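To start, the structure under review is shown below, and the notes come after it.
The values are calculated or read from the model by the stated rules, or taken from the named source; none is laboratory data. Computed from a predicted structure; not experimentally measured. Cβ placement follows ideal geometry from the backbone for every residue including glycine, while neighbour counts extend to all protein chains displayed. For the accessible areas, the whole protein counts, side chains as well, though only heavy atoms, and no ligand, DNA or RNA atoms are used. Shrake-Rupley method; radii C 1.70, N 1.55, O 1.52, S 1.80 Å.
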Amino acid sequence: MTPVDSGIASAAANGLCSCHVCRLVSRRSRFSRHEHCPRCGATLHFRKPGSVQRCWALVIASYILYIPANLLVMMETGSLINYRKDTIVSGVVHLWKTGSWMIAVIVFIASVAIPLLKLFSLTFLLISVQRRSHWRPRQRTRLFRLLEAVGRWSMLDIYVVTLLAALVQLGSLAVVKAGPAAVAFGAVVVLTMFATMQFDPRLIWDPLQKEDIHD
Amino acid sequence: MADRPAQLIACHECDLLQRDIPLNPGCTASCRRCGAVLYRNATDSINRTLAYTLAAGILFLVANSFPIFSIEVSGDRSAITLFGAVHALWEQGVRTISVMVFITAIVVPCLELFSLTALLLPLKLGFVPPSYTLFMRTLQFIEPWGMVEVFMLGVLVSLVKLTNNFRVIPGFALYSFGLLTLLIAAAAASFSARDIWNRLDEMLGEEEL
Ligand SMILES: [Zn+2]
Ligand SMILES: [Zn+2]
């Protein structure tokens, strides 16, 4: 799509490093290990250190926790008339059946679509970066930007469970309890957010550069 | 700021070196290779962000001291505040969730508003904020974890779920949280880390002379 101009230079290829805190561009030697930003004192890195490995570790941990998050009970609802145990998906289905379509769609996006989108996209980005792919860097960067923007919305169900479990404690009349899946799902949300933070989108563009960047 | 020499900047998403050019008010500069937004000329950034932050701080206190909503079942009434919910979950033994909600809905927004005030108020009054690097780093580090807007949506979803079974009475904090969400969004939209660093550079430069 976009013609790639290999004459365009990245900061790192010029021995320049952009501070991750204040974004000041300063010269950094490639051989000394710890150099600090002259303006704010933050440690300078050409790229986030250990980005790919750390991101993989967090993504794999999230995949593992995603299983109990979906198989176990998210919320128990008990009242005089009925008693339900809901997983994430059965909770969405129940909302849909009882006519709360809007809410069902919102919860589906936040609790099912976004976590899966994040896990699959991060896996795809990591593999493409490791293979030093030249394929559509602009679109891949855009995908990463999307992940950064939507990740936090997965916390929605955690808040809903918290509010309901705290509020509906009416003894024999009605009780709502948070299930073990809530903990697993919360962990998935937090770990995928850390994974997104660890990923360095500049790695997408490095293979287009003539020079190799080590950090 | 107009008399500063053109600086080099590197795109934070693709590391392309570019020259920092002055912008017209309200315009944004985006990276010519990957399209990332590099910086904006946020009009009157420091004053506006400070105003939104102070208003949000007051609203944050209000939103946390009143019930969000209450339910009524055969005369039994049960109300809830945000901290009450965190506390109740802790008591029920679901501590991980309790801590997550406490951090993302209370601690981080609180720290965010405090750091912004600690930076912007001194700048507004014309002196260099003490330990400004600490606050700038804090802001950057906690930025993804402040989730007041997500919490607000959670409140609305809970509200709809509850109305199926109970009579729900909206509380004062419900409206406060709604307004707080807007104010925090406004503060985030007018905030510009670049403007703060530029102002600090100017002030520190003057001190040296
Ligand atoms: Zn710096
Ligand atoms: Zn770029």
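With θ set to phi - 60° and the Karplus curve 6.51 cos²θ - 1.76 cosθ + 1.60, what are the ³J(HN,Hα) couplings of the stretch B:175-191 in order, to the nearest whole Hz, using x for Gly and Pro?
Here the 3J(HN,Hα) series is 5, 4, 5, x, 5, 4, 4, 5, 5, 5, 5, 5, 4, 5, 6, 8, 6 Hz.
Mind pulling the angle between the C-alpha long axis of helix B:148-163 and the longest principal axis of chain B? Nearest 10 degrees, somewhere in 0 to 90.
The answer is roughly 20 degrees.
Treating the beta-carbon of each Lys and Arg as +1 and of each Asp and Glu as -1, no other charges, what is the dipole magnitude of the protein assembly as shown about its Cα centre, to the nearest 20 debye?
1020
In square angstrom, what is the accessible area per residue of the stretch A:17-57 with a 1.4 angstrom probe?
Averaged over the residues of the stretch A:17-57, the accessible area is 54 Å².
Across chain A, where is the longest run that never hits trypsin sites (Lys or Arg not before Pro) in a DSSP loop with at most 13 other C-beta atoms within 10 Å?
A:34-130
Ballpark to the nearest 100 Å², how much total accessible area do B and A bury together, probe 1.4 Å?
5500
Given H placed 1.01 Å from N in the peptide plane, which residues other than close sequence neighbours of A:Leu24 have an amide H under 5 Å from its amide H?
Excluding prolines and chain starts, which carry no amide H, the hits are A:Cys19.
Please compute, for peptide B:24-34, the average count of beta-carbon atoms on other protein chains lying within 10 Å of each residue's beta-carbon.
Whole-number average of other-chain Cβ neighbours for B:24-34 is 2.
Once you place label points 7 Å from the Cα toward the Cβ at A:Phe124 and A:Ala149, how far apart are they in nm?
1.6
Give the long-range amide H neighbours of B:Ser30: residues separated by 5 or more places, or on another chain, with amide H under 5 Å away, using H modelled in the peptide plane at 1.01 Å from N.
Residues meeting the criterion, in which the H sits 1.01 Å from N, are B:Leu38.
I'd like the carbon and sulfur percentage of the solvent accessible area for chain A, probe radius 1.4 Å, heavy atoms only, ligands and nucleic acids excluded.
Whole-percent figure for carbon plus sulfur exposure: 65.
What are the lysines whose alpha-carbon lies under 24 Å from the alpha-carbon of A:Lys85, with same-chain residues fewer than 8 places away excluded?
Leaving aside lysines fewer than 8 places away in the same chain, those within reach of A:Lys85 are A:Lys97, A:Lys177, B:Lys161.
Once Rh is set to the Kirkwood radius over Cα pairs, what Stokes-Einstein translational diffusion coefficient, in µm²/s, holds for the protein assembly as shown at a temperature of 25 °C and a viscosity of 0.890 mPa s?
The diffusion coefficient I find is 104 µm²/s.
Against the longest alpha carbon principal axis of chain A, how many degrees, from 0 to 90 and to the nearest 10, is the axis of helix A:114-130 turned?
For A:114-130 against chain A, the angle is about 20 degrees.
List the residues, sorted by chain then number, that are 5 or more residues from A:Leu44 or on another chain and whose placed amide H is less than 5 Å from its amide H.
A:Glu35, A:His36, A:Cys37
Calculate how steeply helix A:156-167 sits against the longest principal axis of the alpha-carbon atoms of chain A, using the helix alpha-carbon long axis, and give the answer as 0 to 90 degrees to the nearest 10.
40
With each pseudo-label sitting 7 Å past Cα toward Cβ, what's the A:Leu116-B:Leu204 distance in nm, one decimal?
4.9
Scan the stretch A:30-67 for chymotrypsin sites (Phe, Trp or Tyr not before Pro) in coil per DSSP, keeping those whose Cβ has at most 13 other Cβ atoms within 10 Å, and list them by number.
For chymotrypsin sites (Phe, Trp or Tyr not before Pro) across the stretch A:30-67 that sit outside H, G, I, E and B with at most 13 neighbouring Cβ atoms in 10 Å, the list reads A:Phe31.
How big is the dipole moment of the stretch B:1-41 about its Cα centre under a simple scheme where the beta carbon of each Lys and Arg is +1, that of each Asp and Glu is -1, and everything else is neutral? Debye, nearest 20, please.
So the dipole magnitude of the stretch B:1-41 works out to roughly 100 debye.
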